[in-house]
Amino acid sequence: MDICFLPAWFYDIENKGGGLFFREQAIAIQSVAERCSIFYPALGFSYLGKENWEEQTSEEVTTFKYQGFCFPKRLTNLQFLYNYKIKKAFSLFLASRKGRLPDLIHAHSLWGAYAALIIKREWGIPFVYTEHLGKWTAATYSLPRHQLQQLLAIVKTANLVTAVSNTLAQRMRGICSTESILVTPNMVDTDFFTPLASTDDKQPYTFHIISIGDPWYTKGLDLLIEAVGIAQQQTKVRLQLTLVDNIPKRQQLYPLIKKHQLENQVKFAGRLERDVLRGLLQQQDVLVSASRRESFGLTMIEAMACGVPVIATKTAGALDIIQPKNGTLIDINNSHALADGILALLRRPNSSPPQELAAYAHHKYGRQAFCERWLHHYETILGERKSTRP
């Protein structure tokens, strides 16, 4: 079985863009399949350099990146150029494989799926499409007309369509007028994210809170800072808030930090390497996701895998992940309720045993569960395809 991942975003040739979890998923599939590779065409109007491509192999997963200029995707009258660039990039990818076609493409999010649609029309390779975008879960959001047309064509042509949460899947079913869209959650490496063997190193009289992700408005960091300020007024325990990721325009949060006199209690940690993030998570008392929208929530599961309970707003991802035994759900845009959740956990710190949190994350979102789920889907599609051949 030869599987090719095709993400809508990923690290480009200059290692910008993110999407590390796609690589982690590919490595997991590589461990149970004959071959798994990543094909990523980074096409955009902001790239003005010479067209370039590179191939890298690590942990037996080959990643092929193509980078080049293309007009904005919203310019539908120039869509033919985007289609041409996708076919050109995939031809180079095939040449690097000595012409061998993948058995199946696993496309991620709309533009990854659109590229897979172009490839299927040209080379006949079946594809599955998994949607991740959190903005689709907002009741007020509507797809632009050209994207809606592309989505309908993708759903009609794909061999399988899934979404990473129930809310997102239900939203897509309504948009596409079909009940055939399944739910397939993302994976967390629960062999890497694990609890500390001992919590003796934690500082006494300090309650450690962490939040991971940007941009700050989408992630509700203003609400979280407000909540920490409200909670601090009601406890003598020092609350320490660490905000992880680049967080562009973070200076807009400074007046709020000053208002609540949290200048020495809020730390901007920046984007962290994976092992550093794990070490930091293991030292926390709670992860708080105050997001205004979230299609899944990998950081919530990473925290649980490290034995850390979660307080989260009722976004699409949190509604699937959070249960009474592993965390607390809070209404969106409610800083006072967030403060109450923090204080409640502070007053009963042992209500969620670390090993139970880790076991839940491993059983539902670990590598084995992810691979079993997707191998079943891949084998079903390829088996059906084989049976229809003359």
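Might you check whether a residue that is modelled with pLDDT of 95 or more, assigned by TED's automatic domain parsing to the domain that holds residue 18 and small (Gly, Ala, Ser) occurs anywhere in segment 118-133? Please lay out each step first, then the result.
Start the filter on segment 118-133 by keeping residues that are modelled with pLDDT of 95 or more, which leaves 118-131.
From what's left, assigned by TED's automatic domain parsing to the domain that holds residue 18: 118-131.
In the following step, the residues that additionally are small (Gly, Ala, Ser) were identified as 124.
Checked against the condition, which is being modelled with pLDDT of 95 or more, assigned by TED's automatic domain parsing to the domain that holds residue 18 and small (Gly, Ala, Ser), segment 118-133 yields at least one hit.
For segment 1-97, which fully contained strands (runs of 3 or more DSSP E) count at least 1 residues that are of a type outside the set (Val, Ile, Thr) and modelled with pLDDT of 95 or more? Quick ask: steps written out before the conclusion?
Values: elements: 2-7, 35-44, 52-58, 61-69.
Output list reads 2-7, 35-44, 61-69.
When you go through 335, 295, 351 one by one, which is the residue that is outside the structural domain of residue 30 (by TED's automatic domain parsing) and buried (at least 21 other Cβ atoms within 10 Å of the Cβ)? Working first, answer last.
Details: 335 fails: buried (at least 21 other Cβ atoms within 10 Å of the Cβ); 351 fails: buried (at least 21 other Cβ atoms within 10 Å of the Cβ).
Exactly one residue qualifies, and that residue is 295.
Within segment 85-95, identify whether any single residue is of a type in the set (S, T, N, Q), more than 30 Å from residue 319 (Cβ to Cβ) and not assigned by TED's automatic domain parsing to the domain that holds residue 318, and answer yes or no.
Yes - at least one qualifying residue is present in segment 85-95.
Pull out all pairs, ordered by first then second residue, where Cβ-Cβ is under 8 Å, the residues are six or more apart or on different chains, the first lies in segment 328-347 and is in contact (Cβ under 8 Å) with a residue 12 or more places away in the chain and more than 17 Å from residue 225 (Cα to Cα), and the second is surrounded by fewer than 18 Cβ atoms within 10 Å (Cβ to Cβ) and of a type in the set (A, V, I, L, M).
Going by the 8 Å Cβ cut-off, the qualifying pairs are 328/344; 329/319.
Does residue 19 fit the bill of being free of Cβ contacts under 8 Å to residues at least 40 places away in the same chain, over 15 Å from the mean Cα position of the chain (by Cα), surrounded by fewer than 23 Cβ atoms within 10 Å (Cβ to Cβ) and not assigned by TED's automatic domain parsing to the domain that holds residue 271?
On the way: free of Cβ contacts under 8 Å to residues at least 40 places away in the same chain: yes; over 15 Å from the mean Cα position of the chain (by Cα): no; surrounded by fewer than 23 Cβ atoms within 10 Å (Cβ to Cβ): yes; not assigned by TED's automatic domain parsing to the domain that holds residue 271: yes.
Taking the combined requirement at face value, the residue does not satisfy it.
Matching residues to (1) among the aliphatic types (A, V, I, L, M); (2) touching a helix residue (DSSP H, G or I) at 6+ places or on another chain (Cβ under 8 Å):
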position	(1), (2)
51	no, no
56	no, no
63	no, yes
98	no, no
124	no, no
128	yes, yes
136	no, yes
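Suppose we filter 228, 237, 164, 188 for residues that are surrounded by fewer than 22 Cβ atoms within 10 Å (Cβ to Cβ) and touching a residue at least 40 places away in the same chain (Cβ under 8 Å); which single one remains?
Selected residue: 237, the only one of 228, 237, 164, 188 that is surrounded by fewer than 22 Cβ atoms within 10 Å (Cβ to Cβ) and touching a residue at least 40 places away in the same chain (Cβ under 8 Å).
For residue 363, which of the numbered conditions (1) on the phi > 0 side of the Ramachandran plot; (2) of a type outside the set (A, V, I, L, M); (3) surrounded by fewer than 21 Cβ atoms within 10 Å (Cβ to Cβ); (4) without any contact (Cβ under 8 Å) to a residue 60 or more places away in the chain fails to hold?
Condition (1) is where residue 363 drops out.
Give the residue, chosen from 272, 338, that is at pLDDT below 95 and among the hydrophobic types (A, V, I, L, M, F, W, C).
272
Among the candidates 319, 382, 346, 329, single out the residue that is assigned to a strand (DSSP E or B) and surrounded by fewer than 20 Cβ atoms within 10 Å (Cβ to Cβ).
Selected residue: 329, the only one of 319, 382, 346, 329 that is assigned to a strand (DSSP E or B) and surrounded by fewer than 20 Cβ atoms within 10 Å (Cβ to Cβ).
Could we say that residue 288 is modelled with pLDDT of 95 or more and either in contact with an Asp or Glu (Cβ under 6 Å, 6 or more places away or on another chain) or under 24 Å from residue 185 (Cα atoms) (or both) here?
Values: modelled with pLDDT of 95 or more: yes; either in contact with an Asp or Glu (Cβ under 6 Å, 6 or more places away or on another chain) or under 24 Å from residue 185 (Cα atoms) (or both): yes.
Considered against the rule, which asks whether it is modelled with pLDDT of 95 or more and either in contact with an Asp or Glu (Cβ under 6 Å, 6 or more places away or on another chain) or under 24 Å from residue 185 (Cα atoms) (or both), residue 288 comes out as yes.
On the given criteria, is residue 390 touching an Asp or Glu at 6+ places or on another chain (Cβ under 8 Å), modelled with pLDDT under 95 and not in a helix (DSSP H, G or I)?
Considered against the rule, which asks whether it is touching an Asp or Glu at 6+ places or on another chain (Cβ under 8 Å), modelled with pLDDT under 95 and not in a helix (DSSP H, G or I), residue 390 comes out as no.
Among the residues of segment 122-143, which ones are aromatic (Phe, Trp, Tyr) and surrounded by 18 or more Cβ atoms within 10 Å (Cβ to Cβ)?
127, 129, 136 - these are the residues of segment 122-143 that are aromatic (Phe, Trp, Tyr) and surrounded by 18 or more Cβ atoms within 10 Å (Cβ to Cβ).
The values are calculated or read from the model by the stated rules, or taken from the named source; none is laboratory data. All values reported here derive from a predicted model rather than from experimental measurement. Cβ atoms come from the backbone with ideal geometry, glycine included; neighbour counts cover every protein chain shown.
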